[in-house]
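Enquirer: I am attaching a structure below and will ask some questions about it afterwards.
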Amino acid sequence: MDPQVAASARGPAHAAPLLACEGLKKTFNAGQASARPALDGLDLAVDRGDFIVVIGSNGAGKSTLLNTIAGAIEPDTGTLTLDGRDITRLPAHRRAGMIARVFQDPMIGTAAAMTIEENLALAERRGKGHGFAFNLNAANRRRYRELLAGLELGMENRLSTPVAQLSGGQRQALSLVMASLSKPALLLLDEHTAALDPRTADLVMAMTRRLVAEQALTTLMVTHNMRQAIETGNRLIMMDAGRVRDDIHGAEKSSLTPADLARKFKIENDRMLLES
């Protein structure tokens, strides 16, 4: 990682980052001819309140990074620290109360056989053990209706409807609300609009920005959408070959255009070829 990129990724010297990824390495199929490094000594510091957008070509390590942070993948070497706690070897279910995630596939984030209100109640119990029936009272149902009304997808009057009857866009919007309900220390968004039609994707992105801002959620979002990357968040991370190659923020990020980003991305890839 370039020293200047490393310095910017560490954030202000006076503030400890909420999340610190240090020297993360992960190689799949190690020792075999098909071995490939997915993370190659990756360093990244995420400050409280950051909304970081992560871009990169296929195979750059974006999803592996999110899987490692979430606990779905254990790094070969390196450390992960969240809010001062070493979580490098902590299993995914032990991180559930601290880290919430929305996946690309709308079917993953919800329980199809359960109703909308049951999914919401269960989400509020994330990381707190089992049981959700006591959450289904009049006050919480009213709160759920208010939350869902803001989506403008017609779910606020369907609390008792099984999630299996919802459209993909409705399920993804519900997944996002569910992920934010427990007020996680860290929210991970893994191309969460990629499977949606353009109108629904725009609606879910608008809702994403609103929820993150209203709840001051520290967020990492992976996307291949250059417009989303430019319009969203306060930092833009560019990954390549399992490393952070650029950390764009401040005035540089706010002045970016899609053409600038495409050109910069090509320059980064060309530079990697020269360095290899």
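The values are calculated or read from the model by the stated rules, or taken from the named source; none is laboratory data. The model shown is predicted, which means the values in this text are computed figures rather than measured ones. Because the Cβ atoms are built from the backbone with ideal geometry, glycine has one as well, and the counts that use them run over all protein chains shown. Areas reflect the complete protein model, heavy atoms only, side chains present, ligands, DNA and RNA absent. Shrake-Rupley method; radii C 1.70, N 1.55, O 1.52, S 1.80 Å.
Enquirer: Tally time: how many residues in the stretch 49-60 are small (G, A, S) and open to solvent by less than 10 Å² (accessible area, probe 1.4 Å)?
Expert: Going through the stretch 49-60 one residue at a time, the tally reaches 2.
Enquirer: Could you grab the pairs with beta carbons closer than 6 Å, sequence gap of 6+ or different chains, first residue in the stretch 188-214 and farther than 22 Å from S57 by Cα and in contact (Cβ under 8 Å) with a residue 24 or more places away in the chain, second one outside any helix (DSSP H, G or I) and of a type outside the set (A, V, I, L, M)?
Expert: V204/T193; V212/F51; V212/T219
Okay, residues lined up against (1) out of contact with any strand residue (DSSP E or B) (no Cβ under 8 Å at 6 or more places or on another chain); (2) over 15 Å from L188 (Cα atoms); (3) free of Cβ contacts under 8 Å to residues at least 60 places away in the same chain:
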position	(1), (2), (3)
D50	no, no, no
I55	no, no, no
A60	no, yes, no
T64	no, no, no
G71	no, no, yes
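Enquirer: Within the stretch 80-107, can you find the residues that are under 30 Å from G169 (Cβ atoms), assigned to a loop (DSSP other than H, G, I, E, B) and not aromatic (F, W, Y)? I'd like the intermediate steps shown before the answer.
Expert: Of the stretch 80-107, the ones under 30 Å from G169 (Cβ atoms) are 92-93, 95-107.
Filter once more, so that each one left must be assigned to a loop (DSSP other than H, G, I, E, B): 96-98, 103-107.
The answer is A96, G97, M98, Q104, D105, P106, M107.
Enquirer: Restricting the first residue to the stretch 133-153 and requiring it to be over 18 Å from M114 (Cα atoms), which pairs with a second residue that is at pLDDT 80 or above and among the β-branched types (V, I, T) meet a Cβ separation below 7 Å and a spacing of at least six or different chains?
Expert: L147/V177
Enquirer: Just to be sure, is L82 at pLDDT 95 or above, surrounded by 14 or more Cβ atoms within 10 Å (Cβ to Cβ) and out of contact with any strand residue (DSSP E or B) (no Cβ under 7 Å at 6 or more places or on another chain)?
Expert: Considered against the rule, which asks whether it is at pLDDT 95 or above, surrounded by 14 or more Cβ atoms within 10 Å (Cβ to Cβ) and out of contact with any strand residue (DSSP E or B) (no Cβ under 7 Å at 6 or more places or on another chain), L82 comes out as no.
Enquirer: Do you know which residues across the stretch 257-276 are touching a helix residue (DSSP H, G or I) at 6+ places or on another chain (Cβ under 6 Å) and either at pLDDT 90 or above or open to solvent by 50 Å² or more (accessible area, probe 1.4 Å) (or both)?
Expert: P258
Enquirer: Could you tell me which residue of the stretch 24-48 is least open to solvent (accessible area, probe 1.4 Å), considering only residues that are in a loop (DSSP other than H, G, I, E, B) and of a type in the set (A, V, I, L, M, F, W, C)?
Expert: Among them, the one singled out is A35.
This table checks each residue for (1) open to solvent by 10 Å² or more (accessible area, probe 1.4 Å); (2) part of a loop (DSSP other than H, G, I, E, B); (3) out of contact with any Cys (no Cβ under 7 Å at 6 or more places or on another chain); (4) closer than 17 Å to R235 by Cβ.
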site	(1), (2), (3), (4)
A173	no, no, yes, no
L176	no, no, yes, no
L188	no, no, yes, yes
A195	yes, yes, yes, no
T200	yes, no, yes, no
L203	yes, no, yes, no
T208	no, no, yes, yes
V212	yes, no, yes, yes
